[in-house]
Each structure stands twice: as structure tokens, then as C-alpha cells.
1. What share of all Cα pairs of segment 134-281, in percent, falls into each consecutive 10 Å distance bin?
2. For segment 2-173, build the charge dipole from Cβ charges (+1 Lys, Arg; -1 Asp, Glu) around the Cα centre, then report which of 85, 14, 29 sits farthest towards its positive end.
3. Per the Kirkwood definition applied to all pairs of different Cα atoms, how many angstroms is the hydrodynamic radius of segment 109-150?
4. Determine, for each peptide in 93-100, 80-87, 52-59, the mean count of other beta carbons within 10 angstrom over its residues, then list the peptides with the highest first.
5. Could you size up the charge dipole of the chain around its Cα centre, putting +1 on the beta carbon of Lys and Arg and -1 on that of Asp and Glu, and report it in debye to the nearest 20?
6. Enumerate the calculated ³J(HN,Hα) couplings along segment 118-123 in order (Karplus 6.51 cos²θ - 1.76 cosθ + 1.60, θ = phi - 60°), each rounded to whole Hz, writing x wherever the residue is Gly or Pro.
7. Calculate how many DSSP beta bridges within the chain are antiparallel, expressed in % of all such bridges and rounded to the nearest 5.
8. Using only Cα atoms, figure out Rg for segment 12-105 and give it as a multiple of 2.2 N^0.38 Å.
Amino acid sequence: MELIRIPRIIQDTCKKHLQKGRSIGFVPTMGALHEGHLSLIKRSKMENDVTAVSIFVNPTQFGPAEDLDRYPRDIEGDSKKIRELEADVLFLPDDRMMYPTGFSTFVDVEKISGKLCGEFRPDHFKGVSTVVSKLLNIVRPTRAYFGQKDFQQSVVIKRLVKDLNFDTEVVVCPTIREHDGLAMSSRNAYLNPEQRHAATALFRCLTEASQAILSGKHSPAKVREMMHAVLSGEPLITAIEYAGVYDPETLDAVAEIKGEVLLAVAVRLGNTRLIDNMLVNT
Ligand code: AMP
């Protein structure tokens, strides 16, 4: 595995692979890797000649009161995992490499960036869209791999790839869960044992809502009510930011349940913000 810290160098390395006719799969991450991240790397390995992984805790996607400083970091453990999976390139830039003095260009995917999580994290998707655009320009991957866990992020990225004519296929991979259903997330490390137990309410809320829809409950208001009831029943959940039934393309709340719908939820457990989602085909 080649470890590269300089954008210009990985750009040249990837260009050479492409010139030799090799496909490149790319997995952008913020590190503290878990099985969810590793599933993306495995998928990329299966579908491409070369797999590149990046680890960069992107400061522009964190709000001023958010967890940038305490975000979990484990470069040594991460490098070992990536090496074991036999990925080819690890890109590990620092803040100054990605945002040198004078940096002033941002990518903003309008409308969808302001919905769901965007209402609570106003500049989050602008930061994500900017860093992903930079990374796609640096690596020029044939395919880029993202998790369904961050559903809105995948919608925003598909939009920007289309709008800005990136020559990359966006592949969205299933959410990997713990044995009790909790979606794996680097932020789960913040939870104390009681909060970790309480966090199972997210998956419970999604599965119960999905079962209700599949067994004929077709009123979005009723399903939303049910989801809120499950989450409110957990005293350690300190806030429900949103929970409901949405259109998977526009991310608007649906007026009726038909075709494919997105169940999505964001809550706070103390200082920790958790999100999860599930697609249901009616
Ligand atoms: P992050 O390091 O949180 O920025 O995540 C990097 C990539 O891993 C994103 O595309 C996430 O959607 C994806 N990811 C995070 N958690 C999971 C999970 N539990 N299952 C599948 N993919 C995930």
C-alpha cells in the first residue's frame, strides 16, 4: 500500500493508473474505520483494478459548535486495516494541503443540502460537496463508494457529480449494522454504555415503521407519529431533530406512501448526534 500525503503526487499516481487502462475505485472517509467503511473498500476491491482510500477529517463540514476537535482519530489502526484489505493507495492530506492560504472556492448543491440534516447543520453539505469535489478532481476515480447510512450525503453527491460532469460513477452501498441493529458510525464511540443501549431505538423505530408500511399502514402522518412515539419512549434521547417518511429523491416529506419511500431519523443523545435511515418499497 502506498501512503501519499500530497495532492499533486496522488494526482500523478492515479493519472498513471488510468493511462495504463486500470479502473480506480475510491473510498473517501474521515477515518476511525469500522466495518461500514471496510465494506466500501471491499466492494471497491471487487469492482476495480486499483483501490484508493482517503482519510481526512474535513474541517469545512463541521459547524463552529460541533465535534471537529474531539472527532475520533486512529491513523495507525486505520492504516493497518486498510493494508490488511490490500487497498493500493492511502491518501492522507492535512488541512493546509487541502485548504491552503487563500482558499476561497466552495461547491454548494442548492435545495437538497438545506433539507433534513441541512436544517440543523446549515453549512455541512457545502463542506462535504467542496471536499468531495476536490477529492474527485485529485483522484479522478472510475467509481466512488459511499454508504447508504448517510443517505442525504449520497443524494447530494450524485447531484453534484451530475451537475459538474464528473466522470465518476457513484456507488451507494448498504448500511452495516451492529448485532442489535445500530448503524455503525465513528460517532458511536462517544456513547456511554447507557446511551449505547438507548441508541437501539433508532433501528427499532425504522423497523417498526417499515413493518407498519408493509402491512398496509399508508398514512405518512400515522407512520411519523409511530416513529416519534418509539423515540420519545427512550428517555436518554434528548432531542428528535427529525423522524418521518420522505421522498428518496427530493427528500421532502411525502403526502402519500407509494413506490419507494425513505424512512429517516436524526436524534441527539446528550452531545452525540445520530442518524439512520431505511428504504421501503411498497
Ligand atoms: P465517514 O468516515 O463517516 O465520513 O464515512 C465515510 C463513508 O463511509 C461514507 O460514505 C459513509 O456513508 C460510509 N459509512 C459510514 N458508516 C457506514 C455504515 N455503517 N455502513 C456503510 N457505510 C458507512
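The values are calculated or read from the model by the stated rules, or taken from the named source; none is laboratory data. Since we're looking at a predicted model, the values are computed, not measured. Counting neighbours? That spans all protein chains shown, and the Cβs are built from the backbone with ideal geometry, glycine included. Protein only, heavy atoms only, side chains kept; ligands, DNA and RNA dropped before computing areas. Shrake-Rupley method; radii C 1.70, N 1.55, O 1.52, S 1.80 Å.
1. Spelled out per bin, shortest first, that is 11, 38, 32, 17, 3.
2. 14
3. Values: mean 1/r = 0.0871 Å⁻¹.
Every distinct Cα pair counted, the radius reaches 11.5 Å.
4. Details: 93-100: 13.9, 80-87: 15.9, 52-59: 22.0.
Per-residue Cβ counts within 10 Å, averaged per peptide and sorted highest first, yield 52-59, 80-87, 93-100.
5. On the way: 36 positive and 37 negative charges, 113 e Å.
Dipole size: approximately 540 debye.
6. x, 5, 9, 10, x, 9
7. On the way: 19 of 38 bridges.
Approximately 50 percent, going by the DSSP bridge assignments.
8. Working: Rg = 14.8 Å, N = 94, 2.2 N^0.38 = 12.4 Å.
Ratio of Cα Rg to 2.2 N^0.38 Å: 1.19.
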